[in-house]
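Read the structure below first, then the notes.
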Amino acid sequence: MYPELMVIPMREEMTRAGIQETRTAADVDSALAQPGTTLVVVNSICGCAAGKMRPGVRMALQHSTRPEHAITVFAGQDREATEKVRSYFVGHPPSSPAVAILRDGKLVYLMQRSAIETSTAPAIAQELTRAFDEFCTKTTA
């Protein structure tokens with residue numbers, strides 16, 4: 001674990017964008033129990049990937065179609081919350097950073113580190129807005 005002072009700016013980059021920080025397993029379960037779509041950001045101190053992921057997420061959240069809820073956990077810092085969030089990513093290996101979309105608590109989209117580290121922030125935003133359009137558009141009954 002890194003000293004908390006080092007990760008405060010990285011945490012704040014997500015919370016300033018309107019993403020709710022979840023620091024315990026109970027926080028994660030409570031957030032993911034909400035009906036609808038939830039963006040899940042697995043934040044990380046890694047400069048090469050997370051340094052592009054955070055601005056990409058912020059850009060994507062400017063899109064007209066967005067998930068109804070958004071939460072973040074910090075890998076390597078909030079271990080309990082990170083392990084809990086990863087338990088929702090059934091069939092996928094742990095990845096940090098990562099960005100997921102869950103609908104009614106079920107994983108429908110996952111961008112893992114391998115895709116993030118080979119992309120630019122604008123490319124990440126473009127892919128996330130595509131995913132928002134696909135998975136977060138409200139359906140009418």
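Being crowded, with 21+ Cβ neighbours inside 10 Å and without any contact (Cβ under 8 Å) to a residue 60 or more places away in the chain is the requirement here; does MET14 meet it?
yes
Can you pull out the residues in region 1-46 that are among the hydroxyl-bearing types (Ser, Thr, Tyr) and part of a helix (DSSP H, G or I)?
If the condition is that a residue be among the hydroxyl-bearing types (Ser, Thr, Tyr) and part of a helix (DSSP H, G or I), then THR15, SER30 are the ones that fit.
Any idea how many residues of region 128-140 are over 12 Å from the mean Cα position of the chain (by Cα), in contact (Cβ under 8 Å) with a residue 40 or more places away in the chain and surrounded by 14 or more Cβ atoms within 10 Å (Cβ to Cβ)?
Summing the residues that are over 12 Å from the mean Cα position of the chain (by Cα), in contact (Cβ under 8 Å) with a residue 40 or more places away in the chain and surrounded by 14 or more Cβ atoms within 10 Å (Cβ to Cβ) in region 128-140 gives 4.
Find all pairs meeting these conditions: Cβ atoms under 6 angstrom apart; at least six residues apart or on different chains; first residue within region 36-49 and on the phi > 0 side of the Ramachandran plot and modelled with pLDDT of 95 or more; second residue in a loop (DSSP other than H, G, I, E, B) and surrounded by fewer than 23 Cβ atoms within 10 Å (Cβ to Cβ).
Sorted first by the residue in region 36-49, then by its partner, the pairs are GLY36/GLU68.
Within region 31-49, count every residue that is closer than 21 Å to LEU107 by Cα, among the aliphatic types (A, V, I, L, M) and within 14 Å of the chain's Cα centre (by Cα).
Counting residues in region 31-49 that are closer than 21 Å to LEU107 by Cα, among the aliphatic types (A, V, I, L, M) and within 14 Å of the chain's Cα centre (by Cα) gives 6.
Consider GLN62 carefully, then state whether it is closer than 29 Å to LYS138 by Cα, exposed (fewer than 13 other Cβ atoms within 10 Å of the Cβ) and either touching a residue at least 60 places away in the same chain (Cβ under 8 Å) or polar (S, T, N, Q) (or both).
yes
The values are calculated or read from the model by the stated rules, or taken from the named source; none is laboratory data. Fair warning: this is a prediction, and the values are worked out from it, not measured in the lab. Note that we place each Cβ from the backbone using ideal geometry, even for glycine, and neighbour counts take in every protein chain shown.
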